[in-house]
Amino acid sequence: MTSTLNPMRPAAGLPRPYHFPSFSRRQLANGLNVWTVPVAGASLVNVHLLVDAGAAAEDEPHGGVAALTAQLLVTGTRRLDAAAFAEATERLGIEVSSESSWDSARAAFQSLPQHLDAGLALLAEMVREPRFDAGEFERLKAERLADILQSRSEPGRLADEMFLQHAYATDTPYRRVSAGGPETVQTLARDDVIGFHGDHYRPGLAHLVIAGAFDDDAVAASVERHLASWDGIGPGHRTIAPHPGGDRRIVIVDRPGSVQSELRVGHIGIDRYDPRYFPAIVMSTVLGGMFGSRLNRRLREELGYTYGARSGFDARRSAGVFTAAAAVQTDVTAPAIGELVGLLEAARTAPFGDAELKEARDFQVGIFPLRFESTGGIAAAIEPIAIYGLADDFWQTYRDRIEAVGAAEAQAAAVELIRPTELLILAVGDASAIREDVAALGIAPVEVVPAP
Amino acid sequence: MPHLPIERHLLPNGLRVILSRDDRAPIVAVNLWYAVGSRHEKPGKTGFAHLFEHMMFQGSANVAKGEHFDLVQGAGGTSNASTWLDRTNYFEALPSHELELALWLESDRLGSLLPAMTQEKLDNQRDVVKNERRSSVDNQPYGTWDEKLQELLFPDGHPYHHPTIGSMADLDAASLEDVREFFAAWYAPNNAVLTVAGDFDPASALRMVEKHFGPISPNPAIPEAPPIAVEPIIGAEVRQEVPDRVPLPRIYAAYRMPTFGSAGFDALEVAVDLLGAGRASRLYRALVREQQVAQDVTTFAFPVIGGAAIFTIWVTARPGVGHEALEAALWAEVDRLTAGGPTDDDLERVRNLHAAGVESSLERISERADRLSMYACLFDEPERINTEVSRYEAVDAARVRDAMAASLRPDNRVVLTYLPAESAEEAA
């Protein structure tokens, strides 16, 4: 149908340099760290307030109090009840969010620049003078309990939760999801939330990130007006000690009638301070971080077992998990497990090829400006620097550090960070249909557990 | 609101080219909309438009299987595609100095897909797509909702009656001959829009487009699309209960509504937000916070043009709340807004949320490119991207009331209720 298609990949043009926006930080007298990131040409502004009030700041008997506290903040202030607070923010075109993870709680909004001061006033009011209405507390607690039911009905989320529960050999908070399990959420009282808020929502260990379109002087005045008189310093977070994984084992979480098995294969990974962080990124990109990664190419593009296979590290203040993941049709569960385990073992023994390493590095380096095209993406990029105390030039040096990962470093990361004898192989699926085949692999003892 | 610059060109082979420059960052987006979706499928071939989309990543004359992704990711970009009722889109976002790579890859598959097709590739992607269906539909709680809504909203024979993902049996039946036929019929430059957005020089971008797409022949005989005419009102309420592996009952309510792009659609888009956008919305306030009968509420209007669009509401019951009580509470709120219309405060709220939402979406060049392609492909009017906010703000209380009264009627609704099944067998 055509005669003159060009057979050759066209040469790239001259790259135009890109730099992560420069930012400034200063500290108010009350300890609040204020990070401002002006973005040329932006038409929105993002405000992220980070407080050391994530799940690492709670104690185990109150697991879930951090998440519930964060969620309750948007249900009003002493001055404005839940309805009035929602009206006040949304009439500015603002949807305030408030949520928590293991290492931080974040209250945030995005707005047109003209609403920055009004938005910041409402955000500050909500964080400093929350209403914690008794009825709203009961409502959100019940919603959280129902959300646990919902998440456990979804095989992917169930697999993620069950993987954490079985990955650690000894008892650790990291065995659960950061928002808490039903056993502890059930017991939470309104006073627990009030107490947690009073202790932890303090400026002393907090960070305010403002990124996008704003006027420096106006922002300084706004911050002064709404947050300078906030006071105190919280107790911070617990240290969650590293915990060991177990021996290689297979756990089938029985979900009768499933037409797919949700697979998670992995073990304890690295913490956010690990010196092998960059080699780990490059290694995992080759393994399961790109379309043409080893896992996806084999399980999807060669075998058709799955819609997609991937791998990655969850690096927190202490070591989270490393997992390879795929949802595969039920009748190939056993061979798919064999393939995943084989590819993880091969990552340690089969040398990384120059082409796949180059593609992984080029991907991570080249994608850099796209990661930060939205002002929300830029604000989010400040978070790990603030929360983990990374160097201020973390993003300025990021691409060089990716480029510096050679074959030797990637291979060393695979050898050190993938441990085939410790693999937890977890499948959420129909045990009656897969148990026998999986046991016949002969690669690990099999345990079947009911879905919670 | 920023006014996006728009340049339109037409190649002699019929390819419509839209250029929208923005040099804030050294990144560029390429986006193609082909005017073919699941509503163009033949009976017994459901899911084929989407399966075909997968085949477009299986290589062409000068690109090996999987190489499309390898080259784009190796260049520091992202690429993907999606299929829906009216269209199929393909897109890349990458550093601006690699613009020509994306254009070359897109032109190579449009110009020379068939020589690279094999039965083995088709069998492989059929398996992948069947697993996509399992992941998103068959193994998901509530996963069948949209295919059931479409089936109940549109009569047998209407091209929206069947889902884009298709049935397992039809996917099994797809052949290489189907691939050849589908490609020859629909994949032609005169059935497509190509948008480039971001950092580029318009003159040189246009030269690249002409160089790579110019040699590709048009199809002078694009087939007639299957007829889309449908009554604006169903005529009687349609109800179905679905036992499923779900912990909580959920009600999906859907209505036929005026098609995307019409004034009636605009008015109901405002109604969608009045009912369900934000914690001050009518349904959140009444059902979630005040009466505490719902765990969550979602409202959505499907922006499609095939005879009718789809107004959708879903609400999940709180534990212990019966679905009958939830349903009664839902109709009461919908009726209240239909009868009374929105207040000025209501309108100010949703207009400001909408304006901020548009601004946020259009921060990303890939979203700009996709919307420009959409407006060009569906309405031959890419300039509509610059009137999204003014069209929304032009909707007043009377238009909301009238549009709701015309469409959100009991005799025009489908009510699909998911109920926790007693056993896995019952949920099958």
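The values are calculated or read from the model by the stated rules, or taken from the named source; none is laboratory data. Quantities reported herein were computed from a predicted structural model and do not represent experimental measurements. So basically every Cβ, Gly included, is an ideal-geometry build from the backbone, and we count neighbours across all protein chains shown.
Checking each residue in the stretch B:71-104 for being closer than 16 Å to B:Thr164 by Cβ and within 13 Å of chain A (Cβ to nearest Cβ) picks out B:Asn80, B:Ala81.
For the stretch A:81-115, taking the residues that are without any contact (Cβ under 8 Å) to a residue 24 or more places away in the chain and among the small types (Gly, Ala, Ser), the one that is surrounded by the most Cβ atoms within 10 Å (Cβ to Cβ) is identified as A:Gly93. B:Ala221 meets each of the listed conditions (1) surrounded by fewer than 16 Cβ atoms within 10 Å (Cβ to Cβ); (2) in contact with a Ser or Thr (Cβ under 7 Å, 6 or more places away or on another chain); (3) not hydroxyl-bearing (Ser, Thr, Tyr) apart from (2). The set of residues in the stretch A:221-243 that are over 17 Å from A:Arg202 (Cβ atoms) and of a type outside the set (A, V, I, L, M, F, W, C) comprises A:Ser222, A:Glu224, A:Arg225, A:Thr239, A:Pro242, A:His243.
Scanning the stretch B:316-349 for residues that are surrounded by 19 or more Cβ atoms within 10 Å (Cβ to Cβ), within 13 Å of chain A (Cβ to nearest Cβ) and assigned to a helix (DSSP H, G or I) returns B:Asp346, B:Leu347, B:Arg349. The residues of the stretch A:96-148 that are of a type in the set (Phe, Trp, Tyr) and within 14 Å of another protein chain (Cβ to nearest Cβ), listed by number, are A:Phe109, A:Phe137. For the stretch A:239-262, taking the residues that are within 16 Å of A:Pro445 (Cα to Cα) and either out of contact with any strand residue (DSSP E or B) (no Cβ under 8 Å at 6 or more places or on another chain) or hydrophobic (A, V, I, L, M, F, W, C) (or both), the one that is farthest from the other protein chains (Cβ to nearest Cβ) is identified as A:Asp247.
Of all residues in the stretch B:285-296, those that are closer than 15 Å to B:Glu327 by Cβ and touching a residue at least 24 places away in the same chain (Cβ under 8 Å) have Cβ atoms under 9 Å from Cβ atoms of residues that are basic (Lys, Arg) and in a helix (DSSP H, G or I), 6 or more apart or on another chain, in B:Ala286/B:Arg336.
The residues of the stretch B:60-97 that are in contact (Cβ under 8 Å) with a residue 60 or more places away in the chain and not hydroxyl-bearing (Ser, Thr, Tyr), listed by number, are B:Trp84, B:Leu85, B:Asp86, B:Arg87, B:Asn89, B:Phe91, B:Glu92, B:Ala93, B:Leu94, B:Pro95, B:His97. Would you confirm, using the coordinates I've provided, whether B:Arg8 is farther than 24 Å from B:Phe200 by Cβ, more than 9 Å from every other protein chain (Cβ to nearest Cβ) and not aliphatic (A, V, I, L, M)? For B:Arg8, the condition - farther than 24 Å from B:Phe200 by Cβ, more than 9 Å from every other protein chain (Cβ to nearest Cβ) and not aliphatic (A, V, I, L, M) - is not met. Entry remark, the stretch A:403-438: residues being within 14 Å of A:Asp254 (Cβ to Cβ) and part of a helix (DSSP H, G or I) number 7 in total.
Residues that are in a helix (DSSP H, G or I) and without any contact (Cβ under 8 Å) to a residue 40 or more places away in the chain within the stretch B:35-59 comprise just one, B:Glu53.
The requirement of being without any contact (Cβ under 8 Å) to a residue 12 or more places away in the chain and exposed (fewer than 14 other Cβ atoms within 10 Å of the Cβ) is satisfied by A:Ala189.
Looking across the stretch B:115-156 at every residue that is aliphatic (A, V, I, L, M) and in contact with a strand residue (DSSP E or B) (Cβ under 7 Å, 6 or more places away or on another chain), the one that is farthest from the other protein chains (Cβ to nearest Cβ) is identified as B:Leu153. Where helices (runs of 4 or more DSSP H) sit wholly within the stretch B:65-136, those with at least 3 residues that are of a type in the set (S, T, N, Q) occupy B:119-133.
The set of residues from the stretch B:247-278 being over 25 Å from the mean Cα position of the chain (by Cα) and more than 21 Å from B:Leu152 (Cα to Cα) comprises B:Pro247, B:Leu248.
Among residues that are under 30 Å from A:Thr36 (Cβ atoms), outside any loop (DSSP other than H, G, I, E, B) and outside the structural domain of A:Val259 (by TED's automatic domain parsing), A:Val219 is included. Check the stretch A:149-166 and report whether any residue there is part of a loop (DSSP other than H, G, I, E, B) and at pLDDT below 95. Looking for residues that are part of a loop (DSSP other than H, G, I, E, B) and at pLDDT below 95, one finds none in the stretch A:149-166, hence no. The residues in the stretch B:16-29 that are within 13 Å of another protein chain (Cβ to nearest Cβ) and touching a helix residue (DSSP H, G or I) at 6+ places or on another chain (Cβ under 7 Å) can be counted, and the count is 7.
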